[in-house]
Structure formats: C-alpha cells, structure tokens
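Colleague: Okay, here's the structure, questions in a sec.
Derivation of every value follows stated rules applied to the coordinates shown; laboratory data play no part. All figures in this text were calculated on a predicted structure; none of them were measured in a lab. Reconstructed Cβ throughout: ideal geometry from the backbone, glycine too, with neighbour counts over all protein chains shown.
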C-alpha cells in the first residue's frame, strides 16, 4: 500500500510506514487489543525508529506500554487520549517527545523523562490528571508550553540543572 510515497504495511496489529532510508519504520497505527504492549524493536527486519502522529490515539484499553530502545522519537499525539494508560517506559534512545504526545492519558501516574531528550514538547503530558510524579533526567534543556498543564494530582517534580527554559504555564493547574 502506498501513501504519499511511503510504503505502508500492516503486521501483528501495527500499521507502519517504511522510512525513506529503507532501513527503519515509523509505527502509524495500532489495531490490536492488548492491554500490556511491548512495542517491537523491528518490523520485517527493519528497526522501529519512531512512533508516528496519533499512532495509538484513543486506545483506551491500553494499560502499559514498553517502548523499545530503537525508538528515537514519539511524535505529536502518539498516545493522545489513551485514558487507561497507567504505565509507560520511555527508553534513553528517545530524543524527542512531540506536542501532545501523551495528552489526556488520565490514568498515567508517573513518568521518567530520559536525559537523551533535549526538549519536552508543548502540552506533551497535559491533562494527565492522574499524574503524581515526574522525573526529568539531567540533559533535558527545555520544557514546553503547558507541558504538564492540568495535571492536578502532580505532587513531585524533579527538574535538573540542565533545564534552561520552562514554557509558559508548563505546570499550570
């Protein structure tokens, strides 16, 4: 299947595009019913490099997600409105979390941001009303606008000295 020059494929519940380099893929959708999901590091022998925009949008049944060390970016809205998501494992390979990537994940209780990321996108974890603890590792340089907005249960945040800028209302509630 072709879509805008991309080679779109479906395997094991995942919809994905082969990236331009021909050696890596971006997951663009999920049609499975797993509650605990370990995203594979490879699809058809190609490394999973990115979780695409809205790939897991509104997957309410999803409770746990483990992202493999091959992933470098989690794009905008990738896990938007996954209300049942309680636990996500973000590996040190991730360099970027896009805008609203985990917005509306009301069940998410804690998150650790690896130091491999320079910035946390705007509204990346906004409206995660169950979020109580955020650990940001040394290396992160900026926290986006409203990144943790309306996380009304947030009790503990560790911000390292490497953070140079914090966007407007980043922790607003």
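Colleague: Measuring from centroid to centroid over Cα atoms, what is the spacing of segment 117-170 and segment 64-101 in Å?
Modeller: 14 Å
Colleague: Would you look at the GNM of the chain, springs on alpha carbons closer than 10 Å, and say which of 108, 37, 154 moves the most?
Modeller: With Cα springs under 10 Å in the chain, the top fluctuation among 108, 37, 154 is at 37.
Colleague: Right, next: In nanometres, what is the gap between the two model label sites at residue 83 and residue 116, each 7 Å from Cα along Cα-to-Cβ?
Modeller: With each label point 7 Å from Cα toward Cβ, the separation is 3.3 nm.
Colleague: Note the listed values [x] 16.0; [y] 17.1; [z] 19.0, then indicate which one is Kirkwood radius over Cα pairs in Å calculated from this particular structure.
Modeller: [x]
Colleague: Looking at the chain, what % of its DSSP beta bridges pair antiparallel, to the nearest 5?
Modeller: In the chain, DSSP labels about 35 percent of beta bridges as antiparallel.
Colleague: Same structure again: Can you tell me the length gained on complete extension of the stretch residue 58 to residue 19, counting 0.36 nm per residue apart and subtracting the Cα distance?
Modeller: 11.6 nm
Colleague: With r as the distance between the Cβ atoms of residue 11 and residue 153 and R0 = 35 Å, compute the FRET efficiency 1/(1 + (r/R0)^6) and round to 0.05.
Modeller: 0.40
Colleague: Taking neighbour counts of Cβ atoms within 10 Å as a proxy for exposure, in what order, fewest first, do 43, 117 appear?
Modeller: Going from sparsest to densest Cβ surroundings: 43, 117.
Colleague: What order do you get for 65, 94 when you list them from fewest to most C-beta neighbours inside 10 Å?
Modeller: Listed from fewest to most nearby Cβ atoms, that is 94, 65.
Colleague: Given a 10 angstrom Cα cut-off, can you work out which residue in 21, 44, 122 is the most mobile in a GNM of the chain?
Modeller: It is 21.
Colleague: Taking springs between alpha-carbon atoms closer than 10 angstrom, which of 121, 61, 104 fluctuates most in the Gaussian network model of the chain?
Modeller: Result for the chain, Cα springs under 10 Å: 61 fluctuates most.
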